[in-house]
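Coordinate-derived values only; no laboratory data. The model shown is predicted, which means the values in this text are computed figures rather than measured ones. In this analysis, Cβ positions are derived from the backbone assuming ideal geometry, glycine residues included, and neighbour counts consider all displayed protein chains.
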Amino acid sequence: MHPKHNPLVGRNLQIRVKIWLFFMLFVCIVFLLMWLFQVIFLEWFYESMKIRDTAKVAQNLVSAYGTEDFSDRASEISYQNETCIEVLDEDGREQYYNCIYNGKCLLHGRDNGTFFYLIDLQNHKSGVICRRVFNDQLQSQMLIYGCTMYWKDGSVAGYLLLNTALVPVESTVSILKRQTMIITMLLAAFGFILSVCVANYISTPLVRITHSAKRLAHGDYHTQFTGGGYAEADDLAETLTYAAHELSKTEEMQRDLIANVSHDLRTPLTMLKAYAEMIRDLSGDNPVKREQHLNIIIEETDRLSLLVNDMLDLSKLESGTQKLNYSTFDIAECMQEIVYRYEGISEHMGYHIHFTPDVSCLVRCDESKINRVIGNLINNAINYTSKEDKQIFVTQKNTPEGVRIEVRDTGDGIEEDKIKLIFDKYYRSENHKREVVGTGLGLSIVKAILKMHGYDYGVNSKLGEGSTFWFVIRDVVTDTEAEAEDKPSA
């Protein structure tokens, strides 16, 4: 494919252009702020700061007014801040003055501006004036600041006038403009190169991951996602690779499910059809054979019903639509009843189920679902125990962690690398045969129920020695709790 018509190249270019535009927009905003604050508003900032500093000088002089060393402090403040000072009493008579411009300031110059600014200050309601005035003698802009001084009782103590120079900033602005222009051009070139590099650095892994994701969407679960460049892209690639692996496993398990269910459905359906044809063609007039054939049809129909019901129940358990119905019951009595129900199968098929109970123990959980768990484990043991001795051992053990229930068979056992798969809903042991009891989904239902309760479960197995399936009921009811439940409410 020609590069011009390659959608991956076009998408990569689009991402690069967008990232580059974002970076250049950021650079332009930085330039704009730099020009505004360093050039255009520089004079305004300077004057605002000068007024604020002069106001602080006036506040210090007002605080010192009336003290014995006022004259010394005022002189020091005047020279430190290059400010002319004029202090007048409440009648406008001069109490103190200091001129650092040799009589050329606006307060002490030949025009004797003190009187005019005093009148201005007295007529101002706020008691503060701030004027920007051009000094002809010094040929510079000056700042006149005045404030009224008060005694503690609120009466006027006098008036304070200050005169300080506003340093011209035009030359400074001109210099800054040249410097800012040079910096702008250098930063623009640097920003352009940097934004192109960063855009390429960011976009290339994303485009590569997107391309791999499209292959994954079309069913290529062996797609490898590669990030490269930075941690976020590597994390994303690793996560998507993991997702692809899990999807591959899910698809494989779905194929196994279809194969297993098809096998379980095909066998009874074939038998149903075969025996129905035999009744039609051969045993229709023979009551004994007809009854035998009909019983087989009924058994296979029941088998199909069990399979469908188990599939529906497993789906409900895993989707969370079935809720737990908690109740308090004696687990020893419950297990005794379950084992008793299997006596018919034991006598008919030659299996021997041995139950070893512990002392009675009350537990609080969903009794019907725990019954099903124990029953499914016994069914599984029946299906896989040794044909020779047909021994199954069911045990109750009361431990500090809870009631541990074990079901042990004497079958061929499970390979160590297969143990972790035995509870998967689509997995079948290689020793699988057409079940004597159950539908093949029993362990999957066991896993779903125990996970809903939050109980620990597992299997211990060795080849040639059989397997022991176990789980622990942690919700044990103490005697005190049992008495509290039995006690009627007031």
Given a Förster distance of 56 angstrom, what is the FRET efficiency for K462 paired with K214, based on the Cβ-Cβ distance and rounded to 0.05?
0.75
Provide the gained length on full extension for the span L25 to L421, in nm with one decimal, where the gain is 0.36 nm per separating residue minus the Cα-Cα distance.
137.0 nm
Nearest-0.05 FRET efficiency for I182 and S305, computed from C-beta distance (R0 51 Å):
0.05
Distant-in-sequence amide H partners of S386 (H built 1.01 Å from N, under 5 Å)
Q391, T410, G411
Distance between modelled label sites at E343 and K289, nm, 7 Å Cα→Cβ extension
3.9 nm
FRET efficiency, Y326 to V196 (Cβ-Cβ, R0 60 Å, nearest 0.05):
0.40
What is the dipole size for the range 325-482, taken about its Cα centre, with +1 at each Lys and Arg Cβ and -1 at each Asp and Glu Cβ, in debye to the nearest 20?
540 debye
Among M278, M49, which comes first, then next, by fewest other beta-carbon atoms within 10 Å?
M49, M278
Using the basic label-point model (7 angstrom from Cα toward the beta carbon), what is the E82 to T270 distance in nanometres?
10.8 nm
Spacing of the two label points (7 Å from each Cα toward its C-beta) at L138 and L36, in nm:
3.3 nm
